[in-house]
Ligand SMILES: [Zn+2]
C-alpha cells in the first residue's frame, strides 16, 4: 500500500532542515510515499523548498494564502511565476478565502484569490483551495474562474449539500484527520454523496491530527489512520481504497502513477 499525503505544511511541523527530512523518512516508513508540501507563505517558500530539495518523493505547491493578504511580499506574482519553473512544483496553493479569521477585508481576499486562479489557468496548473466560513463566495468565484486543470477543496469542512453543488465543477474533495472525529457528521454525510474518484486525503499537518493521536502535533505518518477510517465508512477493502486514492492524487497533480 502507498499513501499520498496531498497537503502537509512540512515547514510548520519543524524548523530544522534535518528534522524535516526525518519527518519525511518516518512517513515513508508508514508507507506515505508521496507528499505535497504546501506553501505557508512566499516569505519562507524558498527556504522550505531548499530544505526538502533532496526528497524526490516530495512535491510542492506555491501561492499566497488568504492569511497573507496584507503582506504577500514584494513582486509576489512574479515570484510565483518563477517558482513554478522549479522541479516538482505541481500546483498553485493554498489560495482561497478565510472569513473566520478576517484577514484583511473580504474584497482584498477575493482579489488575491481571483488573481491566482487566473494565474493557474495561464500556467495550466491545478489549484489547492482553502475555504473557511466562505463557502458561498468560494463556489461563486470558482464557477467562473476555476482553471481547466481543476482544484481541490482541501480540508473539506462543508456539508453534503454543498458537495453536491461543488460536484458540478472539476473539483476534488480532500479530507484531513478531522474526518475521524466522532462529531464530524457533516463530513461523514458528505462521503456518502461523493464518487470515489473525486476523493483525496491529506494530513494538513501539523494541524488536524486524527482522533487516535488527539492533542499531538500532526505528522504525515499518521495519514494511514484517516485512510483506515474512510475505508470503514465506505465498507471498502482498505487496500483497494488506498490504491484508488493514490490514483486520484496522481491524476489531480499530473504525476505518473508509478
Ligand atoms: Zn493547509
Query - Cross-chain or 6+ apart pairs with Cβ under 7 Å, region 3-25 first and more than 30 Å from residue 153 (Cβ to Cβ), then more than 12 Å from the ligand (Cβ to nearest atom) and in a helix (DSSP H, G or I) - result: 17/51
Query raised in the report: Filtering region 24-41 down to residues that are surrounded by fewer than 23 Cβ atoms within 10 Å (Cβ to Cβ) and within 16 Å of the ligand (Cβ to nearest atom), which residue is farthest from the chain's Cα centre (by Cα)?
Result: 41
Query - Which numbered condition residue 79 fails, given (1) touching a helix residue (DSSP H, G or I) at 6+ places or on another chain (Cβ under 6 Å); (2) closer than 22 Å to residue 249 by Cα; (3) surrounded by 15 or more Cβ atoms within 10 Å (Cβ to Cβ) - result: (2)
Report task. Scan region 89-137 for residues that are in contact with a strand residue (DSSP E or B) (Cβ under 7 Å, 6 or more places away or on another chain), within 18 Å of residue 176 (Cα to Cα) and away from the ligand (no atom under 16 Å from the Cβ) and report the count. Result -> 0
Requested in this report: Give 214, 149, 143 a once-over and let me know the one that is away from the ligand (no atom under 16 Å from the Cβ), over 18 Å from the mean Cα position of the chain (by Cα), surrounded by fewer than 20 Cβ atoms within 10 Å (Cβ to Cβ) and closer than 30 Å to residue 115 by Cα.
Outcome: 143
**Report entry** Near pairs, Cβ below 7 angstrom, 6+ apart or cross-chain, from region 216-228 (at negative phi and without any contact (Cβ under 8 Å) to a residue 24 or more places away in the chain) to any residue that is surrounded by 22 or more Cβ atoms within 10 Å (Cβ to Cβ) and assigned to a loop (DSSP other than H, G, I, E, B)
**Finding:** 216/209
Requested in this report: Answer yes if at least one residue in region 183-193 is within 28 Å of residue 111 (Cα to Cα) and modelled with pLDDT of 95 or more, and no otherwise.
Outcome: no
**Report entry** Boolean, residue 96 is more than 19 Å from the chain's Cα centre (by Cα), outside any helix (DSSP H, G or I) and under 16 Å from residue 70 (Cβ atoms)
**Finding:** no
Report task. Considering (1) at pLDDT 95 or above; (2) surrounded by fewer than 20 Cβ atoms within 10 Å (Cβ to Cβ); (3) under 23 Å from residue 120 (Cα atoms); (4) touching a helix residue (DSSP H, G or I) at 6+ places or on another chain (Cβ under 9 Å), say which one residue 44 fails and leave the rest. Result -> (1)
Query raised in the report: Quick one: what pairs do we get from region 167-193, first residue without any contact (Cβ under 8 Å) to a residue 12 or more places away in the chain, second in a helix (DSSP H, G or I), C-beta under 6 Å, 6+ apart or different chains?
Result: 184/178
Query raised in the report: What are the residues in region 47-67 that are surrounded by fewer than 20 Cβ atoms within 10 Å (Cβ to Cβ) and within 16 Å of the ligand (Cβ to nearest atom), if any?
Result: 67
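The values are calculated or read from the model by the stated rules, or taken from the named source; none is laboratory data. Remember, it's a predicted structure, so these values are computed and weren't measured experimentally. When we count neighbours, we look across all protein chains shown, and the Cβ atoms used for this are built from the backbone with ideal geometry, even at glycine.
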